[in-house]
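Chemist: Questions regarding the structure given below will be posed in turn.
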Amino acid sequence: MRPARLTPTRLAVVLVAHGSRDPRASAATRALTRAVALARPDWDVRDSYLDHSLPRPAQVLTGCAQSHAVLVPLLLTNAYHGRVDVPGEVAAARAAGAQLEVAVSDVLGPVSPLLIDGLIRRLSAATGLAGTGLGGAGLGGAGLDAVVLAAAGTRDGAARSTVEEVAAALGARLGLPAAVAYASAAPPTAEQAVAGLRAAGAERVGVAAYFLAPGLLYDTAVDSARAAGAVAVAAPLSDAPELVRLVESRVSAAAGLRRLAA
């Protein structure tokens, strides 16, 4: 399948998701793509996937009529997919005859104020505080006394350390004890993390979702956390306004445009 050729007068921005057999994941990626396109009508924004869904990034690049494109890896850690798969797609596009200049942005992690703001937005919604203007302080005021940052998981120790940094920053913003949890590849599970905080005296533990889209691993984390008594589990970041702004900042930096605060 070859995507339609993109408009030559605008910067081509290709969002690169991991991909999933779960249709909710590609729906979330398309929602983010639409939100970025709405925020930046001067860009031609397309979604693409490394696995399970089409189009592949190389297909989109090969179909570009523009002279410049920016690939944005929709990844929260710079593990294997960011270091190997994304550059491999650029190489595949070159081999297929793509002539345009391609820049690859940084992944969306690790910790940044926008990322923390997005996590708090989703956690606030899960606790019923969305739209109250209470922010992080409101979460403690609503009765949460600890938070778990649940992530997909990776065997890459350096990548896991960046997840730990995000958890620490989230806890600091909320003024609450924080722990990390993983749905695969590394301990602890969300159930273990929630149980550990409860054993330490926390009665109302909320779970922030370090996920961009729903899918099997997100569902695993949710079920595991609820089994241990978590009182609130956040939705994935998906098309949160803060994530849109973070994508904008990554594109601007990679393309040498005026950089937005990230």
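The values are calculated or read from the model by the stated rules, or taken from the named source; none is laboratory data. The model shown is predicted, which means the values in this text are computed figures rather than measured ones. Cβ placement follows ideal geometry from the backbone for every residue including glycine, while neighbour counts extend to all protein chains displayed.
Chemist: Restricting to segment 1-23, name every residue that is touching a Pro at 6+ places or on another chain (Cβ under 7 Å) and either at pLDDT 95 or above or among the β-branched types (Val, Ile, Thr) (or both).
Modeler: Result: Val14, Val16.
Chemist: Within segment 93-103, does at least one residue satisfy the condition of being closer than 28 Å to Leu174 by Cβ and touching a His at 6+ places or on another chain (Cβ under 7 Å)?
Modeler: no
Chemist: List, please: which pairs have Cβ atoms under 7 Å, are six or more places apart or on different chains, and start with a residue in segment 187-208 that is outside the structural domain of Ala225 (by TED's automatic domain parsing) and end with one that is of a type in the set (A, V, I, L, M) and surrounded by fewer than 17 Cβ atoms within 10 Å (Cβ to Cβ)?
Modeler: none
Chemist: If you don't mind, there's one more thing I want to ask. Any residue in segment 30-42 that is surrounded by 15 or more Cβ atoms within 10 Å (Cβ to Cβ), at pLDDT below 95 and under 26 Å from Glu242 (Cβ atoms)?
Modeler: no
Chemist: Then there is this: For the condition crowded, with 18+ Cβ neighbours inside 10 Å and either of a type in the set (Val, Ile, Thr) or modelled with pLDDT under 95 (or both), what is the one hit in Ala261, Ala178, Ala152?
Modeler: Testing whether each residue is crowded, with 18+ Cβ neighbours inside 10 Å and either of a type in the set (Val, Ile, Thr) or modelled with pLDDT under 95 (or both) leaves just Ala152.
Chemist: Is it the case, given these coordinates, that Thr220 is of a type in the set (Val, Ile, Thr), closer than 26 Å to Glu242 by Cβ and either buried (at least 18 other Cβ atoms within 10 Å of the Cβ) or in contact with an Asp or Glu (Cβ under 9 Å, 6 or more places away or on another chain) (or both)?
Modeler: yes
Conditions tested, residue by residue: (1) touching a residue at least 24 places away in the same chain (Cβ under 8 Å); (2) assigned to a strand (DSSP E or B); (3) at negative phi.
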position	(1), (2), (3)
Thr33	no, no, yes
Val72	yes, yes, yes
Gly88	no, no, yes
Ala98	yes, no, yes
